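Everything below concerns the one structure shown next.
The values are calculated or read from the model by the stated rules, or taken from the named source; none is laboratory data. All values derive from a computational prediction rather than experimental measurement. Virtual Cβ from ideal backbone geometry, glycine too; neighbours counted across all protein chains shown.
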Amino acid sequence: MASAALTLLALQGIPLVEPGDDLGAILIAAIVRSALAPRDQDVLVVAQKIVSKAEGRLRRLAEIVPSARAKALAAEVNKDPRFVELVLSEASEVVRHRRDVLVVAHRLGLVMANAGIDQSNVAHGAGDEHVLLLPEDPDASAAALKARLDAHFGVDLGIVINDSFGRAWRHGVTGVAIGAAGLPSLINMIGEPDLFGRALKVTQIAFADEIAAAASLIMGQAAEGRPAVLARGLAWRKDAARAAEALIRPKEMDLFR
């Protein structure tokens, strides 16, 4: 849990990431360039976009052939049929849709708009649109980055891969953890006493989501160019580490689906 002070430090000088880049090496160089000495239980929050780019998750819309289903759905939601085809390829279920809105259950279990496929902060050529998909396995990506950085710096880091989500009933987007390693993504407080000694009955803390949202304040959403943030001042039991998958509510427990 957080101490009385939490420090958020954006890594400096991270270049535009391209498919096939060694993201671990890029982050190590940025940490050194930022004159940071990582400590145990520092958390490095990394934007999904640079993870996806390094893993080659870019797609050219010109190469996508939409199915009949994608064409029909695209007409209803007012989106490019090729884009909708990619959304469907990443989705296990269409949850809600109307004009300009397509919410799906991603194959990873995340319920999100457009299966997390995005065109912002992605380079486009003249008449050659690209889109960026989520990493194949964000928890595995986080674990790989943790192993690389831990070995280099000789510390025990937490890693969070964050993305921007909209939420039902509320306007705006906020940072959410889609991948995590080395920290408890979900902390169960059931049975813990409140200020008056009453045992908590249902409280669980989305620890990785709260870290992701805090880092998003520093990262920004547009042209800020700060895709990695080091969070310092947190603590947790080492044996409590759980991947971000723990944050996903199973469909059978989702009262709104």
* To do: List every residue pair whose Cβ atoms sit under 9 Å apart, with the two residues 6 or more apart in sequence or on different chains, where the first one lies in segment 215-243 and is under 19 Å from VAL51 (Cα atoms) and modelled with pLDDT of 95 or more and the second, anywhere, is of a type in the set (Val, Ile, Thr) and exposed (fewer than 14 other Cβ atoms within 10 Å of the Cβ).
  => LEU230/THR7; ALA231/THR7
* Output the residue which, of all residues in segment 151-166 that are in contact (Cβ under 8 Å) with a residue 24 or more places away in the chain and assigned to a helix (DSSP H, G or I), is surrounded by the most Cβ atoms within 10 Å (Cβ to Cβ). => PHE153
* Structure fact -> Taking segment 116-158 and keeping residues on the phi > 0 side of the Ramachandran plot, more than 14 Å from the chain's Cα centre (by Cα) and at pLDDT 90 or above leaves GLY154
* To do: Pull up segment 20-68, narrow it to residues that are of a type in the set (Lys, Arg) and out of contact with any Pro (no Cβ under 8 Å at 6 or more places or on another chain), then point me to the one that is farthest from LEU132 (Cα to Cα).
  => ARG39
* **Flag for ILE205 being in contact with a Ser or Thr (Cβ under 9 Å, 6 or more places away or on another chain), outside the structural domain of LEU110 (by TED's automatic domain parsing), of a type in the set (A, V, I, L, M, F, W, C) and over 21 Å from ALA113 (Cβ atoms)** => no
* Structure fact -> ILE178: passes all of (1) closer than 19 Å to LEU9 by Cβ; (2) β-branched (Val, Ile, Thr); (3) assigned to a strand (DSSP E or B) but (1)
* Asked: Can you name the number of the only condition in (1) under 19 Å from ASN121 (Cα atoms); (2) not charged (D, E, K, R); (3) not in a helix (DSSP H, G or I) that VAL51 fails?
  -> (3)
* Structure fact -> From the option list LEU44, LEU8, LEU36, single residue qualifying as surrounded by 12 or more Cβ atoms within 10 Å (Cβ to Cβ), of a type outside the set (Lys, Arg), more than 19 Å from the chain's Cα centre (by Cα) and not in a helix (DSSP H, G or I) is LEU36
* Somewhere in segment 66-73, is a residue hydrophobic (A, V, I, L, M, F, W, C) and not in a helix (DSSP H, G or I)? -> no
* What number of residues in segment 120-148 are surrounded by fewer than 21 Cβ atoms within 10 Å (Cβ to Cβ) and part of a helix (DSSP H, G or I)? -> 5
* To do: Check segment 65-80 and report whether any residue there is assigned by TED's automatic domain parsing to the domain that holds GLY158, surrounded by 20 or more Cβ atoms within 10 Å (Cβ to Cβ) and either farther than 30 Å from MET189 by Cα or among the β-branched types (Val, Ile, Thr) (or both).
  => no
* Asked: Of the residues that sit in segment 90-119 and are free of Cβ contacts under 8 Å to residues at least 24 places away in the same chain and either among the hydroxyl-bearing types (Ser, Thr, Tyr) or assigned to a loop (DSSP other than H, G, I, E, B) (or both), which one is surrounded by the fewest Cβ atoms within 10 Å (Cβ to Cβ)?
  -> ASP100
* Within segment 167-187, is there a residue that is charged (D, E, K, R), within 22 Å of PRO138 (Cα to Cα) and surrounded by 14 or more Cβ atoms within 10 Å (Cβ to Cβ)? -> no
